[in-house]
Every structure is written in structure tokens, then in C-alpha cells.
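What follows is calculated from the coordinates using simple rules that are stated; it is not laboratory data. Only a predicted model underlies this, so the values are computations on that prediction, with no experimental measurement involved. Every residue, glycine among them, receives a Cβ derived from its backbone with ideal geometry; neighbour counts consider all protein chains shown.
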Amino acid sequence: MAQATISGVRLAGITCAVPSAIEDTSTDIGLYGEEEALKFSETTGIKSRRIVDSQTCTSDLCQAAAEDLLDRLGWERDSVDALIFITQTPDYLLPATSCCLQSRLGLSTKCAAFDINLGCSGYVYGMWLASQMIGTGLKRVLLLVGDTPSRVCRPEDRSTRPLFGDAGTATAITADPSAGPSYFVMGTDGEGKNNLIVKHGLFRESDRFGTARGNTAEGPLLFMDGAEIFTFTLQEVPPLIKQTLKLANWSMDDVNAVVMHQANGFILNYLAKRMKLPAEKMPLSIGEFGNTSSATIPLTMAAAMNTALTTSTQKLVMVGFGVGYSWGSVAMECGPLPELKILTVEPSTNSLTQEQAA
């Protein structure tokens with residue numbers, strides 16, 4: 001697996017944004033029946049998810065988070081050297097949504113901006129790229145990470161619709177000569193691509209006008225083979241964490257928390273038992289927000305670690321894994337940070353309200 005050790009970079013703050021509309025077990029009972037809905041909730045640990053309306057994009061959630069974070073940190077808009085936008089639900093085929101966000105946020109035209117198409121591992125990859133960029137001389141990088149998977153889930157698909165929620169996040173990353181090293185480990189296995197995929201909507205499975213060949217789909221819809229994803233996770237995640245700890249020269253006793261991608265409760269509980277990870281070292285947000293793809297790691301930090309991260313320095317291992325297959329982890333020290341906020345985006349007015357982080 002690819003490895004990197006990078007010093008002089010500090011995570012300066014996090015804000016998350018979620019839509020106001022909620023789907024929960026009662027919604028699923030109406031769609032799938034009581035027995036099946038309750039069984040799914042019990043297995044996955046998911047009680048509710050936040051769902052965007054048809055007019056709200058991932059970029060809208062990330063913009064709301066970024067506006068709040070920049071204001072609270074006091075970062076002038078022309079002081080941001082680069083904007084990285086990571087999502088698998090962009091605004092357009094082209095141009096890059098990062099270019100749109102640079103304008104909407106009022107960032108300098110001297111700001112570098114680009115998109116990355118990654119899902120569950122995206123936050124860790126974004127941290128790695130931002131850290132590498134700061135290592136070349138940049139001072140401030142704005143990392144915007146999120147997805148709106150509800151917009152590609154077939155409503156009647158019981159394997160995906162009750163699992164995925166929508167969220168956008170903003171993370172501020174800055175140069176700090178006093179910051180200790182961050183330790184990254186990453187890997188890829190594209191042989192697993194078909195086990196979590198939206199086949200239609202672009203060019204491989206469509207004609208030149210974007211229409212699905214053979215009328216096999218009415219639009220871009222998500223397919224997931226849960227059993228194969230589970231097998232992949234058990235095969236790759238424990239060695240990934242072990243290798244990351246070895247690179248950092250940490251033991252699990254040194255770690256305050258392992259912040260995992262919130263795939264589903266069954267997978268997370270299985271991994272915790274296999275790695276003998278105590279519950280207090282594995283924060284969760286899956287119950288309240290579901291699987292929000294690339295946004296799960298910062299959203300979990302905001303939802304479950306706000307007090308710890310605002311009052312102390314925490315040794316964290318962040319672990320992303322899934323679609324691609326792609327996986328990555330980072331061991332780093334974080335905090336004390338400003339309050340980690342979770343904002344609610346109202347679709348009709350685009351107004352924001354702050355939710356109390358746990």
C-alpha cells in the first residue's frame with residue numbers, strides 16, 4: 001500500500017451541513033413494510049438519514065459549511081490558496097464543480113481549484129492531497145467533501161435507499177511548522193468496481209447523448225452488492241489500520257479514537273470485535289445520519305467528538321474504505337479545534353440553523 005509521512009500541517013477546523021428533511025424507520029415502514037424496515041434498522045443501526053430535495057446539490061451543502069467555517073476562523077477569502085472538492089455527485093459533467101464553488105464562495109482567482117471523484121475513502125485522500133500541497137509552499141487549503149447519494153438510489157431498492165444519507169463538509173487545513181507528522185496509508189483494487197457502482201449516466205454504458213444503452217435504466221441508479229463489500233472490508237481494513245499504526249509507531253493504547261467510514265452498524269461492530277477495539281474508541285454517527293459516503297468521517301467527528309476535539313489534543317486514526325474499491329487511513333493529532341458545527345440547510349429558503357453537536 002502507498003505510504004506517506006507529512007509534517008508541518010494542521011487541521012484547523014471542521015463544519016458540516018446536512019439537509020433538514022429526515023427519512024427514518026417510519027418512512028421505511030411505509031415503503032417496505034414494518035417487519036423488513038425494523039430488521040434493516042436493527043442490523044445497520046440506522047435510525048434516520050438526512051435527504052436533499054430535488055433542487056439541492058452536494059455543492060450547496062459544502063458551500064454552506066465552507067461559508068460558516070471561513071467566517072468562524074476569520075480566514076479572508078483571498079487567503080485560501082486552494083480548494084479541493086471531493087464528491088461522486090457533482091453539479092455538472094463539466095465544468096468542475098470546484099470552479100463554481102470558487103466563484104460562489106468569493107475566493108481569489110489566484111486560488112487553485114479542482115474536483116476529485118472519490119467516495120468512501122475521499123476524505124483521507126483529500127487530507128493527503130491538501131497536506132502534500134501545503135508541503136510545496138501553500139499556506140491554506142479548503143477541503144470540501146460530501147455526497148448526496150439519495151439522488152441516485154432507486155426508491156424501491158431496499159439495499160440502498162434506507163442506508164444512505166446526504167451531507168457536505170468543509171475542513172480547513174493550514175501550514176503550521178510546529179505541527180507533528182501525519183501518517184497516511186492508501187490502496188486501490190479496481191477489480192471490485194462493479195460491486196458498488198452507478199453504471200449509467202456517462203459514457204461507458206450510454207450512447208453519445210447519455211441515454212442508457214438497451215433501456216436498462218431510466219437514469220443514473222446505484223447498485224450495491226452488500227456481501228462483496230463486507231468481504232472486501234474485512235479483508236482490507238484491519239491490515240490497513242495495523243499498517244498505519246506501525247508507520248506512526250503508535251499502539252492502539254496510544255489512540256484516542258478510530259474514526260471509521262460509517263458504512264453500516266453491522267460492519268462497524270464486526271470490525272471493532274475483530275480488532276478488539278473498545279466502544280469508547282470508535283465514535284459513531286451512523287444511527288442519526290446513515291452512510292453519507294465521503295462525508296462520514298468529518299461528520300462523525302462533529303457529531304460524536306465535539307467536546308474532546310475542542311478541549312484537548314486527540315490522537316486519531318481516520319479510516320475510509322469502500323467504492324472503487326478504494327481505501328485509506330491517516331494517523332494524526334488533532335485539536336484543540338473551534339467548535340465542530342453541524343448546520344441544517346433548509347431547501348426553500350437556503351437558511352441555516354445550527355444543530356447541537358454531541
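Details
- Based on every Cα atom in segment 84-140, Rg and the maximum pairwise Cα distance Dmax equal 11.8, 31 Å.
- Loop-resident chymotrypsin sites (Phe, Trp or Tyr not before Pro) (DSSP state other than H, G, I, E or B) in segment 18-118 with no more than 15 further Cβ atoms inside 10 Å of their Cβ: 92.
- Environment charge at residue 59 (Cβ cut-off 14 Å; Lys +1, Arg +1, Asp -1, Glu -1): -4
- Each label point was placed 7 Å from the Cα along the Cα-to-Cβ direction; for residue 310 and residue 78 their separation is 3.3 nm.
- With R₀ set to 25 Å, the beta-carbon distance separating residue 39 from residue 117 gives a calculated FRET efficiency near 0.15.
- Cα Rg, Dmax (largest Cα-Cα span) when computed across segment 234-280, Å: 10.6, 29
- Panel order for 144, 234, 101, by other beta carbons found within 10 Å of each beta carbon, from fewest to most: 234, 101, 144.
- Cα pair count fraction exceeding 37 Å, expressed as % - the chain: 13 percent
- Highest GNM mean-square fluctuation among 81, 24, 225, for the chain modelled with Cα contacts below 10 Å: 225.
- Exposure proxy ranking, count of Cβ atoms within 10 Å, fewest first, for 200, 261: 200, 261
- Remark: segment 228-336 projects, on average over all directions, an area of 6.2 nm² (convex hull of Cα atoms).
- Cα gyration tensor shape of segment 65-214, rounded if a/c is under 1.5, else prolate or oblate by comparing a/b with b/c: prolate
- The helix-based estimate of mean residue ellipticity at 222 nm for the chain, built from -39,500 (n - 2.57) per DSSP H run of four or more residues and divided by its residue count, is -9000 deg cm²/dmol to the nearest 500.
- Residues considered: 108, 48, 294. Largest GNM mean-square fluctuation over the chain, using C-alpha springs under 10 Å, is found at 108.
- Remark: 250, 128 ranked as 250, 128, counting other beta-carbon atoms within 10 Å and listing the fewest first.
- Per-residue packing, averaged as other Cβ atoms within 10 Å, sorts the ranges 320-332, 271-283 into the order 320-332, 271-283, beginning with the highest.
- Residues whose amide H falls under 5 Å from that of residue 56, counting only those 5 or more places apart or on a different chain, are absent, with hydrogens built in the peptide plane.
- At least 24 Å along the helix axis (C-alpha) and Kyte average at least -0.5, DSSP helices within the chain: 226-248
- Other residues lying with their Cβ under 14 Å from the Cβ of residue 110 contribute a combined charge of 0, Lys and Arg counting +1, Asp and Glu -1.
- Counted by Cβ distance under 10 Å from residue 333, the other residues give a net charge of +2, where Lys and Arg count +1 and Asp and Glu count -1.
- Subtracting the Cα-Cα distance of residue 206 and residue 154 from 0.36 nm times their residue separation leaves 16.9 nm of extension gain.
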